[in-house]
Structures are given as structure tokens and as C-alpha cells.
Amino acid sequence: MGRHDDIGQRWLPRSLSDRRLETMGRRRFITTLAGAGLGSMAALLTPDDVRAAGGDEVPLVYGHGPDSEPLTTTVPADWFADLRAAFDAHERSDVLSHPGVVGSAVVPGEFGGRNAALSVDVTDDEATGTVPERVGDVAVEVNRVRSEAETRNEGSDGRPFDGNHIPGSIECGSRDASATLCPAMYDGETPFFTTSNHLYGDDGGRHSGEPFFVKRRDGWRKVGEVRRGYALDDFVRIDPVNDAVPLNSIDGESPSTVMGQFTRGGLAHLKARGSKLKKIAVVSGYTSGAIQAIDGMTCAYGTVCKHGQLKWGSQSSFTDGDSGSVSYHSDLENPEDGLLVAGINNARTWWPVEDYIWGTAAYRITADYGFTFSPPTADVP
């Protein structure tokens, strides 16, 4: 299911927090944490992170801020172990090889409540009978869906914007369709425009050089040219032209500054504490909703199966022209400082029973391509 850097395999032993961590060299410290089950996340933690956790807690990297600096908090050790078991079960599960199965995801557990589970999408009743009730110790929940292609955006009436410095959530478009602009994405220190790849069709690779527009009060303005489309994760990289500058902010939100993005574990943490994600899109405007599942895989729309999917909110909160908007939440530890992106919104359910918005999570894009919503420090006011 891709590479991840934010979840270990088991909880941190109580004895570790009692050791004189400050006397360890960095290499030994990382080796010790990795041996305790924190995996590659160990390289992102400090002795202060470990000391901050109580005897029944572990440190968790919930996001990345400016310059991709890790953001940490503490979570219950039993919840962490249960979540890791669910991710492991999802990665080793073969349910996607069963006929009629078109998607799967992890539903994180709740602090002090229900355990994590796997959610599996099927297109017919016969497929339901082939899906196991459990993978190891992790329960499996089956959902009946319809497999149909997503309706392409036909255009919309969005908020126009003036100026060369261009924030996310305003109306953008190709020659043929319109969508919602993401806040600036970064390739290291270089910002670029991005929105859903399906604005240019499923095969974004053949659209290199095509113009990209934003809507201003005086009409549409060309601000970029397509560099490359990424159909698998449904986003497109667009190089700025005509002195346009992508901003790491979301128009209409306060605070508006995007400080970075959530990790996979950070999304699970939001789900566990019942926090709601938000979005601002061109057509449906401002909405919020709870996370339903993370780390998803779906073959139910488009021409390729998509990994790293985030399911949240309600289908009624998303419509044509909203694709490319981002789901976000304020920084968990410093909410007044700014926002962290959860993922890009690309589609909604169109069948009974299931009811959510979906799209590729930011952590997945970083794992696959190295792009982030985490700006260099110089770009943060």
C-alpha cells in the first residue's frame, strides 16, 4: 500500500522513557526506538518527545510543518498498537484480488472506544460472501457500492480573485472544464500550482504544456502551464507563468496559512478524537465532516485503481467544480498558527448507503513523489 513513515509496529516500552536518553548518541537513540517498534518514525523523534509520553502513551508524528519539520503529540499505547495491527492487516490482505471487490480502507479506532477495522467495498452480493470476516485479529466491514465513472466537471460559478499572488480554494480551469485550486504544493523549496488531474482527463501525461487559468474579477487569466499529470493519484503539477505566485493559503479561511500536512498517523489521530475536517470549494463553499476511513484503495472510478485514499464528510458537500479542493484541519498543538492539509478532494459517492467525499491523502503524494504542502520557513508569515 505504499511507503509510510509515521507508524511503528508496537508500543514503546515503559522502561525506555526511564533511560537517560540525553546520554545516548543519535544513532543509538534511533536504533533503540526502532527496536521498540516505532519503525522509521524513530528518526523523526527526539528524547523530549519520548519523555513527554506517559507510561501508557507513545509519541506520534502527526504532521509536517514548514521545512517538513515533524510535528508530534502523544497517544494511548493500546490505541497505537491496535492501529498498527490494522495497517499491517490491510497491507497483507488479499481481498482486492477477489472478483467484485473494488476498494478497501482502514477505519481507525477511537480513544477508549471501538477498535480499528478494515472497510471493504464490493459491487455485488456474491463478492460479499468471499470477503473474510477478519484479517488476523482485525474485523472486516463490507459495504455494497456501484462501480460507475465519475462525472466530469462541466464548469461552475466561483469566487473571482485579483492579483498575482494566488491562494487555494479559488476557481481554476483548463480550456474545457473548471475545478478548485489547491494551496501551493512544493518540490523542495519550489512552489507550483496543482488541482485534480481529471481536469485534463485521466491521462495527464499527454497534456504537458497545456494552459492553466484562474478566474479573476475581470475574467479568466492564464497563470500556468501543465508540466505533468499524475493520473494514479489524481493531481496535476502546473508551473507558474506570467509572474503568478502560488500561495500556501486557503482563501476564505482564518487563519488561512497552510503550515504543512498530516501524516497517516495524524489522520488516524483526528479520527480517534472525533475532529472534523474542513474544505472550501468553488461551488459548494465551506463544509466540514468527520473522517470515515484512511489508507484506502479504490477501483470504483477512473481508469486506474487509486491508493492512499481518504474518505470523509458527506457526498452532499461536494459537487462538480469542487474537485481539487483540499480537506484540512488546524494544527493540533498550535491551532492559531495555521492549517495542515489532509488530502485533495477528487470525487464523491453516488450510490446508496455509502456517503462520503474521497481523494488522495497528502502523505501518499509525498511518499510517491516527494511533493508536500509543507513550505520552507521563508514562505511562512
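The values are calculated or read from the model by the stated rules, or taken from the named source; none is laboratory data. Just so it is clear, the structure is predicted and the values come from calculations on it, not from any experiment. Methodologically, a virtual Cβ is constructed for each residue, glycine included, from the backbone with ideal geometry; neighbour enumeration extends over all protein chains shown. Side chains are part of the model used for accessible areas, which takes the heavy atoms of the whole protein and leaves out ligands, DNA and RNA. Shrake-Rupley method; radii C 1.70, N 1.55, O 1.52, S 1.80 Å.
Numbers for the structure displayed
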quantity: Members of the stretch 280-332 found to be aliphatic (A, V, I, L, M), surrounded by fewer than 19 Cβ atoms within 10 Å (Cβ to Cβ) and touching a Lys or Arg at 6+ places or on another chain (Cβ under 6 Å), listed by number; calculated: A290
quantity: Candidate set: the stretch 99-116, residues that are out of contact with any helix residue (DSSP H, G or I) (no Cβ under 7 Å at 6 or more places or on another chain) and in a strand (DSSP E or B); chosen: the one surrounded by the most Cβ atoms within 10 Å (Cβ to Cβ); calculated: G103
quantity: Top-ranked residue in the stretch 351-381 [being touching a helix residue (DSSP H, G or I) at 6+ places or on another chain (Cβ under 7 Å) and not hydroxyl-bearing (S, T, Y); ranked as most open to solvent (accessible area, probe 1.4 Å)]; calculated: D355
quantity: Within the stretch 229-254, tally of residues that are open to solvent by 40 Å² or more (accessible area, probe 1.4 Å) and in a loop (DSSP other than H, G, I, E, B); calculated: 6
quantity: Flag if L332 is aliphatic (A, V, I, L, M) and in a loop (DSSP other than H, G, I, E, B); calculated: yes
quantity: Residues satisfying the stated conditions in the stretch 60-78, i.e. open to solvent by less than 40 Å² (accessible area, probe 1.4 Å), in contact with a helix residue (DSSP H, G or I) (Cβ under 6 Å, 6 or more places away or on another chain) and not in a strand (DSSP E or B); calculated: P66
quantity: Positions within the stretch 117-134 being in a helix (DSSP H, G or I), open to solvent by 10 Å² or more (accessible area, probe 1.4 Å) and touching a residue at least 12 places away in the same chain (Cβ under 8 Å), in sequence order; calculated: D125, E126, T128, T130
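Residue-by-condition table, conditions (1) touching a strand residue (DSSP E or B) at 6+ places or on another chain (Cβ under 8 Å); (2) hydrophobic (A, V, I, L, M, F, W, C); (3) farther than 12 Å from G65 by Cα; (4) assigned to a helix (DSSP H, G or I):
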| position | (1), (2), (3), (4) |
| --- | --- |
| G321 | yes, no, yes, no |
| D337 | yes, no, no, no |
| D355 | no, no, yes, no |
| T366 | yes, no, yes, yes |
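Quick grid of which residues meet (1) touching a Ser or Thr at 6+ places or on another chain (Cβ under 9 Å); (2) at positive phi; (3) not in a helix (DSSP H, G or I):
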position: I166; (1), (2), (3): no, no, yes
position: C182; (1), (2), (3): yes, no, yes
position: L199; (1), (2), (3): yes, no, no
position: V214; (1), (2), (3): no, no, yes
